[in-house]
Amino acid sequence: MSPELSPPIDPVAAQRWQFLPVQSSPWLHEEVGRRMQQRLDCIKSTPAHWVHWQPWRGGWQTQALLAQRYANAQCSVFESSQQAQALVRQALHAPWWQASQWFKSQTSVSSRLDKPAQMLWSNMDLHMAPDPQALLRQWHEALEVDGFLMFSCLGPDTLKELRDLYQALQWPAPAHPLTDMHDWGDRLVALGFADPVLDMERITLTFETPERLLQELRELGRNLHPQRFAALRGRQWRGQLIDALAQRPLQLTFEVIYGHAIKPAPRLTVAPQQEISLAQMRTALAQGRSAGRASAKPES
């Protein structure tokens, strides 16, 4: 996939999802955030200021882990939703025995970033962005030179069991297509990041009932495909889905991509190359030889 191309995503549906009220982060987001936090053990740089990008849905429990790791650093929490901002502020003013309270004095919450940081942390958000290029540019601008980006998102093998089921039933895809790990690396380089490092793992969740499986899906995201079924599904369709799920193993696979990249110093601009013809080159060389003979003085 070309770095300029994006999977088809309905921007209106994506915006509605971003502003949909939630009371807590999904379990999978919290688990991925915990695993991504362990990857910081390999990074020697210690940020004095870091940005936590939309953590209320992305994994709020990771806030305490990161704040404890960077206890002397300032944290800027970015939340685009006013409701999420209010919930974050409420969580930061929790009782004194909760870990988040220890670091609240160094944490600010806003929908804009006033100064660049040395680290930007985004967990399980990029695959739901209607314009991932624009989001990556925003992250690039939010970092200082030599600052680094840490992110995670879902990859194309996610929900492969559900995709196979929908295809067998000749239904439209249950989710929008997701970007491959290598394509994210190409996009990062194209947008000005350097030394991208990406890896992935697959996490399989099992469920006791089809109803519990569908509940988990609603907490994790929405189908943002522009060609998804346009109207509301009825009870009959839901019954067919539950019956079809019950005949298969109740499990879902999630391909989780972890990414790290650095914002390098701006490259030096090179003057445009000037081309001359062979005749012009011969004329210039001849003029140079004539000037050399004219300037030479005879010996006394």
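The values are calculated or read from the model by the stated rules, or taken from the named source; none is laboratory data. All values reported here derive from a predicted model rather than from experimental measurement. With ideal geometry, Cβ positions are generated from the backbone for all residues, glycine too; neighbour counts draw on all protein chains shown.
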With respect to Leu28, determine if the residue is surrounded by 18 or more Cβ atoms within 10 Å (Cβ to Cβ), hydrophobic (A, V, I, L, M, F, W, C), at pLDDT 95 or above and farther than 16 Å from Met150 by Cα. yes
Quick count over region 16-54, residues being within 17 Å of the chain's Cα centre (by Cα) and either at positive phi or assigned to a helix (DSSP H, G or I) (or both), is 15
Within region 64-98, residues being assigned to a loop (DSSP other than H, G, I, E, B) and crowded, with 17+ Cβ neighbours inside 10 Å number 4
If you go through region 55-63 one residue at a time, do you hit one that is small (Gly, Ala, Ser) and either touching a strand residue (DSSP E or B) at 6+ places or on another chain (Cβ under 6 Å) or not in a helix (DSSP H, G or I) (or both)? yes
Looking at region 226-252, which of the residues that are touching a strand residue (DSSP E or B) at 6+ places or on another chain (Cβ under 7 Å) and surrounded by 15 or more Cβ atoms within 10 Å (Cβ to Cβ) is farthest from Arg187 (Cα to Cα)? Leu250
Out of all the residues in region 47-74, which are of a type outside the set (Gly, Ala, Ser) and touching a residue at least 60 places away in the same chain (Cβ under 8 Å)? Pro47, His49, Trp50, Val51, His52, Trp53, Gln54, Pro55, Arg57, Thr62
Counting only residues that are small (Gly, Ala, Ser), part of a loop (DSSP other than H, G, I, E, B) and in contact (Cβ under 8 Å) with a residue 60 or more places away in the chain, how many does region 211-248 have? 1
Can you list residue pairs whose Cβ atoms sit under 8 Å apart, with the first residue in region 129-142 being under 16 Å from Gln18 (Cα atoms) and touching a residue at least 60 places away in the same chain (Cβ under 8 Å) and the second being of a type outside the set (Lys, Arg) and in a helix (DSSP H, G or I)? Count only pairs 6 or more apart in sequence or on different chains. Ala129/Ala14; Ala129/Leu135; Pro130/Pro11; Pro130/Ala14; Pro130/Gln15; Asp131/Pro11; Pro132/Leu126
